[in-house]
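Taking it in order: structure first as structure tokens, then the write-up.
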Amino acid sequence: MTDATQAPVSGSGVTTSSPVTDSDRRRLAAARRRRWMADMPAAYLLLAPVLVLFAFSVVYPLIQTIWLSFWDIKGLYPPKFAGFGNFVTLFNDATFLRAIVTTLLWTVCTTVLSVGAGWGLALLCSLAPKATLIPRVLIFTAFGVSEAVTGYIWLGIYRPDAGGVLNALLSAIGLGQFAHPWLGDANTAIWCLIIAYSWAQTGLPLILIFAATQAVSRNVIEAAHIDGAGPGAIMRYIIAPLSLPGVRVALFINLLGSLRAFDTIYVLTGGGPVRTTETIGFFMFRESFTQFKLGYGAAATLVLLAAVLIISIPAIIQRTKEAK
Amino acid sequence: MTTKTHGMARIFMRRATVAGLGLATVFALTPHSYAADVSGTLVLLDWASGSEQDMIKALEDGFVKANPGVQFKEVNLTVQGDARGAIRAALQSGEKADIFINTWPAFRKELADAGLLKDLTPLWDSAKLGDNLSQSWKDLGSLDGKLYGVTYTFGDRSAMFYKTDTMKKAGIDAQPKTWDEFVANFAKLKAAGITPIAVGAKVWSHTEWFESIYEHLNGVDMAAQLTSHKIPWTDPSVKNTLKKWAELIKAGCCGDAADMLAMDWDNASDAVMKAGTHGYQIIGMWNNDRAQSTDGLKSGTDFNITQFPAMGAGHDDVSSVDTKEFSEFSGAANPAAADAFLTWITTKDAANIIAQHGLASPSNKVDPSLYSAVIKYSVDAVAAAKPQFVMGDLLPGDLVDEYRVQLQKFLQDPSDANIDAVTQALETKAASSY
């Protein structure tokens, strides 16, 4: 057995061990450094386009946003330096604090609903992959539709007058007494939004998790079958647990998407009624682009960014560890 | 002597030539000849849409026909709702234009304070705009004595749209003149299965009711004081207005709060003009064009307007109005063409184009026979009233948003206790907005 401090030495067909001295280690390290240094220019050259793009599209806007957040900007009036004033105001602003609560509710519900539905459908589809191709494509198509278009589709469903599909349907089946101005009622508006957004976001989890189910070895399933496991047991003890990596990826992507969601909310409720569906993303838009308080909006953006980072960094670290 | 005389003549001739050249140069640079040479590209920052956009296009074509050397270029902003954000974003991102459309006095102030608007007072004098527009239109387009906008259309915002069929169905033969008659008609409308008023409170149009009631109860001077925050939002005039509005709500004017909060102004218009499920709507005069071009209704026959009912508080001679104006940027690349357009917009040709598109022109050169019945009624109503600009458009950006939201809260709960809470919230916001 070779000691950790010993290195195998080859020569004349006999492998022997000899102690590695400090000088050998230094020589090896220097050689590694030289090789690394020699590779550096090529590495940076290859990375340059991405780094330049990253600097322009991410780093520069981020620095600009941080800079803006320290200024009190109202419309086209000259900006005044505010220091951390925008952040202090933000956390004393009842509308913003309410937007945080709404964002939490929105993010948790839309993520759980869309991933839960996607997972369930993926497991069902895994039972008959070929027969469920068309439904899978159709459900994924909804994910491909822009959020704004999704908003308009659901606006047609929820609208309060006779043209609203949901109310018309309720009336047609004799439940007209349940017809309701869904988006005008503060108690129903947020849930209507959550359903609409989750519907559009189910396609991605479905495809990701379905792919994970297809990666499960047929041998494992056949072995379980031979051992007497029925379809339910195979689903519960084999396919569902082995699809979890797909579920984790879907959760991560949909969670970040929900945090940043804006278009559907804008089209369906405009943050109302009485700001009850206003998320941080919508708050940021309203302050920045409707009222043109760019500094205040930038401060809200940074809070949202912090939330995204808090969620995404541990997830990225976890995924990186798994990759090793 | 002769030599001396010839020498003097030469000097005189030289000086006369120099003076003549100088005069010619001065003349060449005067605004009159400057304006006469109208050519090049005129860039309009435009946020109009739908049928209003068609009218703007017709105006551009009319101007180019009169000035063949000019090409119009439009910078179109795709906007849903309040266009100010999009205009600010365009300007801050370096978009260049000569002229733009404005409808918010508060925004005019913001742009003027930022040095972005050209003072049009010299143009008013040199182009004799006063021959076509009355002083009151100059006053409405002015700020601190300087003219920044030439009004090209205006609307009566104290007019209630209704569909004639709907009124017939409810057995209402004559439109109400007084508040009591108006409220008394609710019973007839409701008996016919019609909700008396369509209030589109999803975004902003519910404020129209607050404003017309406020102005009729308190007059234009109080309205001006409130919008400039010389009186607080906790003032009894505001509370009494909300209490009066609460009377309507309690009388079943508008359905549930959720019904109102689910409707934007266009849904409310559909409810009145298309479905006939609701009786009246207060909205801008663009609804006249919308009803004709989109719904295929005939103005004055299929639908009409009636002025806000008299409330008997001594201020029934008031009308809420809105205007749209063209303003010129101080950095306009083609000021000659911009000036020429702002002058042309007041002429007979332009005024008639506006009238043909179903809107009112402030020009005294307009042919009134081109007006539809609704516009004719509204023009006469505004002419006979003390105009008060739409109050929401006079509020600073910060406050206007809160104003809309607090009035939505009022609709959810029109109790006296909530009126106190709503007015207090408005006052708190106002205190930090001016």
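Would you tally the residues in segment A:177-189 being away from chain B (no Cβ under 13 Å) and at pLDDT 95 or above? Let's see the steps before the verdict.
So the first thing to find is which residues in segment A:177-189 are away from chain B (no Cβ under 13 Å), and the list is A:177-178.
With the extra rule that they be at pLDDT 95 or above, the set shrinks to none.
Looking only at that region, the number is 0.
Suppose the filter is of a type in the set (A, V, I, L, M, F, W, C) and at pLDDT 95 or above; does residue A:58 pass it? So that I can check it myself, show each step before the final result.
Numbers: of a type in the set (A, V, I, L, M, F, W, C): yes; at pLDDT 95 or above: no.
No; evaluated as a whole, the condition is false for this residue.
I'd like to know if segment B:84-91 contains one or more residues that are at pLDDT 95 or above, surrounded by fewer than 20 Cβ atoms within 10 Å (Cβ to Cβ) and over 19 Å from residue B:153 (Cα atoms).
For segment B:84-91, residues at pLDDT 95 or above, surrounded by fewer than 20 Cβ atoms within 10 Å (Cβ to Cβ) and over 19 Å from residue B:153 (Cα atoms): absent.
Looking only at segment B:380-397, decide whether some residue is touching a residue at least 40 places away in the same chain (Cβ under 8 Å) and under 21 Å from residue B:299 (Cα atoms). Lay out the reasoning, then the answer.
Our first condition is that a residue be touching a residue at least 40 places away in the same chain (Cβ under 8 Å); within segment B:380-397, this holds for B:381-382, B:384-397.
From the residues that got through so far, the ones that are under 21 Å from residue B:299 (Cα atoms) too are B:381-382.
The answer is yes; a qualifying residue exists.
With respect to residue A:148, is the statement that it is crowded, with 18+ Cβ neighbours inside 10 Å, within 14 Å of chain B (Cβ to nearest Cβ) and part of a helix (DSSP H, G or I) true?
It is false that residue A:148 is crowded, with 18+ Cβ neighbours inside 10 Å, within 14 Å of chain B (Cβ to nearest Cβ) and part of a helix (DSSP H, G or I).
Which numbered condition trips up residue A:182, out of (1) farther than 30 Å from residue A:244 by Cα; (2) more than 29 Å from the chain's Cα centre (by Cα)?
If we test residue A:182 against (1) farther than 30 Å from residue A:244 by Cα; (2) more than 29 Å from the chain's Cα centre (by Cα), just (2) comes out false.
Being surrounded by fewer than 23 Cβ atoms within 10 Å (Cβ to Cβ) and within 14 Å of chain A (Cβ to nearest Cβ) is the filter here; which residues of segment B:222-257 pass it?
The answer is B:255, B:256.
Listed here are the residues, each with its yes/no results for (1) more than 14 Å from every other protein chain (Cβ to nearest Cβ); (2) under 27 Å from residue B:229 (Cβ atoms).
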position: B:60; (1), (2): yes, no
position: B:66; (1), (2): yes, no
position: B:85; (1), (2): no, yes
position: B:89; (1), (2): no, no
position: B:98; (1), (2): yes, no
position: B:124; (1), (2): yes, no
position: B:137; (1), (2): yes, yes
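Taking the conditions exactly as written (assigned to a helix (DSSP H, G or I), within 14 Å of chain A (Cβ to nearest Cβ) and buried (at least 17 other Cβ atoms within 10 Å of the Cβ)), does residue B:401 satisfy them or not?
Yes: the conditions hold for residue B:401.
Hey, can you tell me all the residues within segment B:271-284 that are within 11 Å of chain A (Cβ to nearest Cβ) and crowded, with 24+ Cβ neighbours inside 10 Å?
Those that are within 11 Å of chain A (Cβ to nearest Cβ) and crowded, with 24+ Cβ neighbours inside 10 Å: B:271, B:278.
It is to be established whether one or more residues within segment B:17-27 are within 24 Å of residue B:120 (Cβ to Cβ) and either modelled with pLDDT under 90 or within 14 Å of another protein chain (Cβ to nearest Cβ) (or both).
Yes, segment B:17-27 contains a residue that is within 24 Å of residue B:120 (Cβ to Cβ) and either modelled with pLDDT under 90 or within 14 Å of another protein chain (Cβ to nearest Cβ) (or both).
Across segment A:44-79, what is the number of residues that are within 14 Å of chain B (Cβ to nearest Cβ) and closer than 30 Å to residue B:108 by Cβ? Quick ask: steps written out before the conclusion?
As a first pass, look at segment A:44-79 and keep what is within 14 Å of chain B (Cβ to nearest Cβ): A:61, A:64, A:68, A:71-79.
Adding the requirement that they be closer than 30 Å to residue B:108 by Cβ leaves A:64, A:68, A:71-79.
Total satisfying the criteria: 11.
Just the residues that are of a type outside the set (A, V, I, L, M) and touching a residue at least 24 places away in the same chain (Cβ under 8 Å), please, taken from segment A:51-66.
Passing the criteria: only A:65.
Select from segment A:264-295 the residues that are under 21 Å from residue A:71 (Cβ atoms) and facing chain B (nearest Cβ under 10 Å) and list them in ascending order.
Listed by number, the residues that qualify are A:285, A:286, A:287, A:288, A:289, A:290, A:291, A:292, A:293, A:294.
When you go through (1) among the hydrophobic types (A, V, I, L, M, F, W, C); (2) crowded, with 24+ Cβ neighbours inside 10 Å; (3) assigned to a loop (DSSP other than H, G, I, E, B) one by one for residue A:299, which number turns out not to apply?
(3)
Among residues belonging to segment A:161-176 that are within 14 Å of chain B (Cβ to nearest Cβ) and within 18 Å of residue A:264 (Cβ to Cβ), point out the one that is modelled with the lowest pLDDT.
A:164
With polar (S, T, N, Q) and within 12 Å of chain A (Cβ to nearest Cβ) as the only criterion, which of B:406, B:388 stands out?
B:406
Suppose the filter is surrounded by 15 or more Cβ atoms within 10 Å (Cβ to Cβ), more than 21 Å from residue A:121 (Cβ to Cβ) and aromatic (Phe, Trp, Tyr); does residue A:182 pass it?
The answer is yes for residue A:182.
The values are calculated or read from the model by the stated rules, or taken from the named source; none is laboratory data. Here the structure is a predicted model, which means the values were calculated and not measured. Note that we place each Cβ from the backbone using ideal geometry, even for glycine, and neighbour counts take in every protein chain shown.
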